[in-house]
Amino acid sequence: MNNYQGERIPKENLETFVEKIFLKGGLDEEQSKLIARHLVFANLRGVDSHGVSRVGIYTKRLDKNLLNKKFDPVIKRESPVSALIDAQNVSGIPVATYGMEMAVEKAKKSGVGIVGINNSNHCGMMADYVKKAVDNDCIAIATTNAPSNMPPWGGKERFFGTNPFSYGVPAGEEANILFDMATSKVARGKILLAEKNKQEIPIGWALSPEGTPTTDASKAVDGVVLPVGEHKGYGIAFLVETLSALFTGAAFGPYIGDLYKELNHSQNVGQFFLVMRADLFQELETFKKRMDQIIREVREVPLMDGAKKIYLPGEMEIETAKEREENGIPLSLEIIDELVQVAQRYKIEPTLIKTYV
C-alpha cells in the first residue's frame with residue numbers, strides 16, 4: 001500500500017489526548033491511562049491497525065453501554081499456576097493487562113503461570129502483553145480470538161476470526177524477541193484502516209462478499225479475510241480458537257459479537273496467556289547468552305538475492321518505534337479528523353493535536 005498523507009503527532013500529546021477521551025467516555029483514570037498507552041504503543045511500533053484508529057469504535061461501544069465501565073473482573077477458578085478470569089464485560093485492554101500481570105506473578109512464584117479470560121472484549125495488540133512477561137525475564141505465549149471474519153481453508157464463509165498469536169523471549173545484550181501475527185494474511189484492522197484512508201489493498205488479502213479476490217477495501221470489509229499460509233494458517237487459527245475460547249469458556253467463531261457491526265450486545269471474547277520463567281531449565285544468564293548467540297548467528301546467514309538485511313522477529317517494530325519516538329507518530333488526516341470528532345462529541349478541545357487539524 002502507498003504511504004498516506006497525514007501529520008506527525010508527538011507520542012506524549014497523542015497519549016494524553018486519548019486518555020482524556022476515555023475519561024470522558026466514562027472509564028476511570030487507570031483504565032483510561034492503560035488504553036491510551038496501549039493504543040499509542042501500537043502506533044509507535046507501526047501497528048497502526050491496532051492503534052488510535054480504534055478510539056472511534058471503542059468509544060461508540062462505551063456510549064451505547066455495551067461494556068461494563070467499572071473494572072470488576074472476577075476470578076472463577078484458581079490454582080498456584082493458573083487462573084480463570086470472568087472479565088464481566090469490561091474493556092479488553094485493562095483486563096488483558098490484569099490477566100498477563102497475574103500470569104507473570106504466578107510464573108515468578110511457581111515457574112509457570114497460565115491465565116484464561118472469558119467475557120472479555122477486543123484487547124488490541126498482543127505484543128504489548130508478552131512484552132510485560134519478557135520484561136520480567138519470562139517466556140510468554142498469548143492468544144485471543146476475534147469476531148468471525150475468516151473462513152476455514154477451502155471455505156468462503158466466515159467462521160474464525162483473525163485470531164492473533166504472539167510470543168516473547170528475553171535476550172541478554174541483544175534486543176528481546178517479540179513476535180505478533182494474525183493468522184489471517186493480514187490483520188482485519190489493516191483493511192479497516194485502508195478503508196478509512198481510501199486506499200486499495202493488495203490482491204490476496206481478502207475475498208469480496210461474492211467470494212472473489214478484491215483490492216477494494218470496502219468490499220473486503222464486507223467479505224472475508226484469508227488465512228496466512230493457506231491450510232497452515234487455518235491450523236494455527238484453530239489452535240488459537242481452542243486456547244482462547246473453548247478452553248476458557250468464551251464465545252467462539254460466529255458466536256462472538258462483531259466489534260463494528262453488532263452494536264446491540266457484548267462480544268464475549270476470550271484471551272489465553274502462558275508464561276514461563278526463563279530460568280526453569282538453566283541459569284537465566286546462560287539462557288540469555290544462548291539467545292544472544294542464536295540472534296547473532298541468524299543475522300550472519302548469507303542473504304538471498306535482493307535482501308538487504310535479516311530481521312529478527314519484532315526488530316522492524318523496534319526500528320519503527322525509535323524513529324517515531326524521535327519524529328512523532330504519523331496519522332492520516334482521516335484518522336485525525338475521526339479523533340477530533342470523538343473529542344468534540346465529548347466537548348474536549350483538541351488542543352494537543354490542534355496544530356495538525
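Check off (1) in a helix (DSSP H, G or I); (2) under 17 Å from the mean Cα position of the chain (by Cα) for K108 and give me the number that stays unchecked. With respect to (1) in a helix (DSSP H, G or I); (2) under 17 Å from the mean Cα position of the chain (by Cα), K108 is out only on (2). Scanning the stretch 245-290 for residues that are of a type in the set (D, E, K, R), out of contact with any Cys (no Cβ under 8 Å at 6 or more places or on another chain) and farther than 12 Å from S148 by Cβ, we see that the one that is least open to solvent (accessible area, probe 1.4 Å) is K288. Taken over the stretch 313-348, the criterion of being hydroxyl-bearing (S, T, Y) and within 28 Å of V130 (Cα to Cα) is satisfied by T320 alone. In a residue-by-residue description of the stretch 296-306, the property of being more than 23 Å from Y167 (Cβ to Cβ) and buried (at least 17 other Cβ atoms within 10 Å of the Cβ) applies to no position.
For the stretch 26-73, the set of residues classified as open to solvent by 30 Å² or more (accessible area, probe 1.4 Å) and of a type in the set (F, W, Y) consists of F41, F71, listed by residue number. So which residues in the stretch 140-158 are farther than 30 Å from A278 by Cα and buried (at least 18 other Cβ atoms within 10 Å of the Cβ), if there are any at all? Matches in the stretch 140-158: P147, S148, N149, M150, P151, R158. Taking the stretch 7-56 as the range and being among the polar types (S, T, N, Q) and farther than 24 Å from M181 by Cα as the test, the residues that pass are N13, T16, Q31, S32. For the stretch 259-279, the set of residues classified as of a type in the set (V, I, T) and modelled with pLDDT under 95 is empty. Among what's in the stretch 183-203 and is open to solvent by less than 20 Å² (accessible area, probe 1.4 Å) and in a loop (DSSP other than H, G, I, E, B), pick the residue that is modelled with the lowest pLDDT. Within the stretch 183-203, the match that is modelled with the lowest pLDDT is A187. Annotation: of all residues in the stretch 307-345 being in a loop (DSSP other than H, G, I, E, B) and open to solvent by less than 30 Å² (accessible area, probe 1.4 Å), the one that is farthest from G6 (Cα to Cα) is L312. The criterion of being of a type outside the set (A, V, I, L, M), part of a helix (DSSP H, G or I) and in contact with a Leu (Cβ under 6 Å, 6 or more places away or on another chain) holds for F17.
Part of a helix (DSSP H, G or I) and under 30 Å from I318 (Cα atoms) - does that describe any residue in the stretch 59-66?
Within the stretch 59-66, one or more residues are part of a helix (DSSP H, G or I) and under 30 Å from I318 (Cα atoms).
On inspection, G116 fails the criterion of being under 26 Å from K64 (Cβ atoms) and among the small types (G, A, S). In this entry, E210 is excluded by the filter for residues that are farther than 15 Å from A237 by Cβ, of a type in the set (D, E) and in contact (Cβ under 8 Å) with a residue 40 or more places away in the chain.
Being among the aromatic types (F, W, Y), open to solvent by 60 Å² or more (accessible area, probe 1.4 Å) and closer than 23 Å to S166 by Cβ is a property that F238 has.
Can you find even one residue in the stretch 239-258 that is at pLDDT below 95, of a type in the set (A, V, I, L, M) and part of a loop (DSSP other than H, G, I, E, B)? No; the residues of the stretch 239-258 include none that is at pLDDT below 95, of a type in the set (A, V, I, L, M) and part of a loop (DSSP other than H, G, I, E, B).
The values are calculated or read from the model by the stated rules, or taken from the named source; none is laboratory data. Everything quoted here is computed from the prediction, not taken from an experiment. All Cβ positions, even for glycine, are placed from backbone atoms using ideal geometry, and neighbour counts span all protein chains on display. The area values use the complete protein model at the heavy-atom level, side chains included, leaving out ligands, DNA and RNA. Shrake-Rupley method; radii C 1.70, N 1.55, O 1.52, S 1.80 Å.
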